[in-house]
Structures are given as C-alpha cells and as structure tokens.
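Worksheet: one structure, shown below.
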Amino acid sequence: MPFKFEKLEVWKDSVGLTGLVDDVASKFPNKELYVLTSQIKRAADSVSLNIAEGSTGQSNPEFQKFLGYSIRSAVEIIGCIYIAKRRKIISNEDFQEIYNFTDKIVKRIQALRRTIN
C-alpha cells in the first residue's frame with residue numbers, strides 16, 4: 001500500500017460508510033435522484049476523499065484541515081438522513097444504522113485529528 005491513507009482504519013471505515021449510504025440512497029424515490037440522493041452520496045464520498053487527500057498533504061496542519069472537512073461532510077450525512085426521515089423515504093432501521101456508523105466515524109476522525117501535532 002503506497003499511500004498513507006490506505007493504512008488508516010478510519011479511512012477504510014469511511015469507504016464502508018459510502019457503501020452503506022449508496023445502498024440506502026438507492027431506495028430513495030426517483031424524484032429525489034438529483035436532490036437528496038445526490039447530496040447524501042456526495043457527502044458520504046467526501047468523508048473518505050478528504051481523509052485521503054489530506055493525508056498526502058505537505059504538513060500536519062493541512063491534514064488536520066482536511067480531517068475537519070471530513071467531519072463536516074459526515075455531519076452533512078446526518079442532516080440528510082433527518083430530511084429523508086421527515087420526507088418518509090428512509091426506514092427507522094436505515095436511519096439508525098447510518099446515524100450510528102457516521103457518529104462512530106466522526107469520533108474516530110476527531111481522535112485522529114487530536115493525535116496530529
């Protein structure tokens with residue numbers, strides 16, 4: 001594995017989150033395709049992509065900045081599932097699964113961010 005991010009468990013988990021979000025978003029109605037479906041999928045992708053991009057930066061402050069972007073994208077996922085719940089297009093089970101997985105990843109990104117000097 002030649003890239004630093006490939007060794008990070010939180011990055012691996014964030015790729016798993018992308019898969020979970022894709023699976024759930026595929027159940028959203030077609031009328032949401034270019035609205036909420038697109039938004040939540042881009043936010044989920046952004047979590048792992050920002051971890052990857054930041055890890056290859058030139059400095060620790062740069063990596064911390066990108067981890068912050070990852071956290072913001074994860075929080076955006078939470079916002080999206082609340083909207084989906086209000087629109088009655090996500091099951092309580094799917095809502096809770098994404099919520100819990102995202103919360104776990106946010107905590108792990110925050111912990112990683114604290115370890116970077």
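Points to keep in mind about this one:
- For region 2-109, applying the loop criterion from DSSP together with a ceiling of 14 other beta carbons within 10 Å to the chymotrypsin sites (Phe, Trp or Tyr not before Pro) yields F3.
- Rel. contact order, % - alpha carbon contacts under 8 angstrom, at least six apart, the chain: 29
- Note that region 19-24 has calculated 3J(HN,Hα) couplings of x, 4, 4, 4, 4, 6 Hz, one per residue in order, obtained from phi through the Karplus relation 6.51 cos²θ - 1.76 cosθ + 1.60 (θ = phi - 60°); glycine and proline are x.
- Largest mean-square fluctuation among E93, E62, E53, in a Gaussian network model of the chain whose springs join Cα atoms under 10 Å apart, belongs to E93.
- If the chain linking Q58 and D22 were pulled fully straight, counting 0.36 nm for each residue of separation and taking away their Cα-Cα distance, it would gain 9.8 nm.
- Dipole of region 4-115, positive end: most advanced residue of L33, A43, I78 [Cβ charges, Cα centre]: I78
- Electrostatic tally near A25: other residues with Cβ closer than 14 Å to its Cβ, Lys and Arg +1, Asp and Glu -1, net -1.
- Within the chain: Cβ-based charge dipole about Cα centre, in debye rounded to nearest 20 (Lys, Arg +1; Asp, Glu -1): 320
- Acute angle (nearest 10 degrees) that the helix 60-86 long axis makes with the longest principal axis of the chain, alpha-carbon atoms: 10
- Low-density loop cleavage sites - trypsin sites (Lys or Arg not before Pro) in region 1-95, where at most 13 other Cβ are within 10 Å (DSSP): K27, K88
- Selected from L33, L49, L20 as most flexible by GNM, with the chain as the system and alpha-carbon contacts under 10 Å: L33
- The helix-only estimate of mean residue ellipticity at 222 nm for the chain, built from DSSP H runs of length n ≥ 4 each weighted as -39500 (n - 2.57), is -25500 deg cm²/dmol after division by the residue total.
- Computed about its Cα centre, the charge dipole of region 1-68 is approximately 100 debye, with only Lys, Arg, Asp and Glu carrying charge at their Cβ.
- Of T18, T56, T37, the one that fluctuates the most in a GNM where the chain has Cα springs shorter than 10 Å: T56
- Phi-based couplings in Hz for region 10-17 (Karplus 6.51, -1.76, 1.60; Gly and Pro marked x): 5, 5, 4, 5, 5, 5, x, 4
- Modelled label positions at Q96 and N30, each set 7 Å beyond Cα in the direction of Cβ, lie 3.3 nm from each other.
Since every read-out is calculated from the coordinates, none of them should be taken as a lab result. What you see is a predicted model; the values in this text were computed from it and never measured. Quick reminder, even Gly has a Cβ in these numbers, built from the backbone with ideal geometry, and neighbours come from all protein chains shown.
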